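To keep things clear, I will list the structure first and then write my remarks on it.
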Amino acid sequence: MRTSHRGNILHIRRPDCAALPRISPVKWLVPTAVLAILFGLVLTNAHAAGIGEKWNKLHGELDEALTLINEQRTAPDASWVPFKNDKDSLEADIEKLLEEVIDILNISDLTEIKKEIRAAQGNVRDYRKRISRLQTEKLMAPDKVAGWKVWKKDVADYEEKIADYQASIDENEDRIAALKALFLEKIESIGIVLTEDQIDTLIYSVTGDDDVEMIAVFDNIKILTEKLRELTKDSRENIETARRYYGMHVVLLKTLLHLQETYIERIDERHLPALEAIAEENRALMAGTETLLKNCAPQHREQYVANLEAQRLTDKTAGLYMRYLRQNRERVTASRSKILREFEVAENTYHTVSTAYALIAVMRNADRFFNALSALQTPDLLTFDNREMREEFRKLTSKMTEE
C-alpha cells in the first residue's frame, strides 16, 4: 500500500483483498445454497456480524434485476397499454432494485460507525437548539417564583435545564471522539492512512455518508465479483448457469453506476446550490459590514472588525468547501466513465457469448479492472489551515444539513 500527497489530495493504493476459499463445482439447480456460501464469505470479509440474512436476500434482488434487464432489451420504447412494461417503466423498476442492492451491500464497520457518529451529531444539534430556545425564554423569566407556582419557571430553573443539556452535549461529543478513534482504526485496517483533519473531512462533510457508502459498496462488489468468477468457472459445463452468474456481475456494475450517478446528482442539485446560497448571503453580509465599518463610531469599530474577520473566514471556508465538492464530483465522474465502458462491454458479452470460457476470460479482466480502479473510490480529503477553519467547515455542513 502506498500513499502520496499532491496539494490537498490524498492518493492511495490499497492492498489486494486476500484470496478466499475456492467453492467446489455445483449445478444451477441449487443456486440459493451456492449464493448463501458466497455471501457468508463476503460477510466474514466485511466484519459485519448478525446480518447474514441480508446476503441471502441479495441473490433474489440480483436475479430479479437481471430478469428485468433481459426484458428491457425487447420492450417497446413506450406503451399505452395498461400494465404493459416499456423501457422507461422497466428502468424505474430496475433502479428500485438497485437501491435495495446498494442498501444490502452498504455493510461495513465504517458504515455502522458513521451511522453512530451521525446520530450523536444530530443529538448535539438538537440540544444546542434547545439551549438557544431556553436562553431566549430566560430573558423574560422572573428572578424568583413562589414555590406554589409550579407551572412557572424562574431564571434558576432555566439555568439548571441549560446545564443539563450542555452536559448531554459534552457526553455526545465524547462519544463522537471515541467513535472517530475507532473509525480511524478501521479505515487504516483496509489500507487507507488519513490525518486527523482528513478524518474530520470524511466525518463532517455533507458527502461523508455517501463517501463511506461508496467505499463499502465498491469493496463488497469487488469481493463478490471475484467469487462470481469462481462460480462461473465452476459452472462452465452448463453455459446457462455460467451466464446467470456472469449476468449478476453485470448487475453489480450497473449498481455501481447507479450509486455514482446518485452521488453526482446530490452534489449538483443539493449540496452545491445550498453552499452557494450560504456563500452569497455571507458575501452580502460582508459588504454591509464593510460599509458600516467605514462610518461607525470609534466604540463600535472593534466589534465590526471582529465580525468582518468571522465573515471572511466563512467566505474562505465556503470557497474551499465548493472546490472540495467539485473535486470529488470530478473524481466520481472519472470513475463512472471507466465503469460505464466496462459495463457496456460486460452487458454486450452477456447477451452474445456462447461459451463459458469467454465469460471467464472477461471476468479475469474485471478483477484487474477493480484493482486498478480502487484508488478512485477514496474521496479527496482536505487539510485545514487552522482549527478555526475546521470548525467553520463543520458549521457550514450543519447549515446545509438543516436546510
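Observations, loosely collected:
- Residue within the stretch 294-301 that is surrounded by 15 or more Cβ atoms within 10 Å (Cβ to Cβ) and in a helix (DSSP H, G or I) present: no
- Residue in the stretch 50-67 that is assigned to a loop (DSSP other than H, G, I, E, B) and modelled with pLDDT of 60 or more present: no
- Residues in the stretch 168-181 include none that are crowded, with 18+ Cβ neighbours inside 10 Å and free of Cβ contacts under 8 Å to residues at least 40 places away in the same chain.
- Here the stretch 108-155 is the region considered, the condition is being among the polar types (S, T, N, Q) and at pLDDT 90 or above, and the residue that is surrounded by the fewest Cβ atoms within 10 Å (Cβ to Cβ) is SER132.
- A count restricted to the stretch 191-226 and to residues that are buried (at least 19 other Cβ atoms within 10 Å of the Cβ) and outside any helix (DSSP H, G or I) stands at 5.
- When restricted to residues that are at pLDDT 90 or above and over 28 Å from LEU275 (Cα atoms), the stretch 182-210 contains 1.
- Looking across the stretch 383-394, the residues that are surrounded by 13 or more Cβ atoms within 10 Å (Cβ to Cβ) and modelled with pLDDT of 85 or more come down to GLU388, MET389, ARG390, GLU391, GLU392, PHE393, ARG394.
- ALA284 being at pLDDT below 95 and part of a helix (DSSP H, G or I): no
The values are calculated or read from the model by the stated rules, or taken from the named source; none is laboratory data. Here the structure is a predicted model, which is why all the values come from computation and not from measurement. Heads up, the Cβs are rebuilt from the backbone with ideal geometry, glycines too, and the neighbour counts pull from every protein chain shown.
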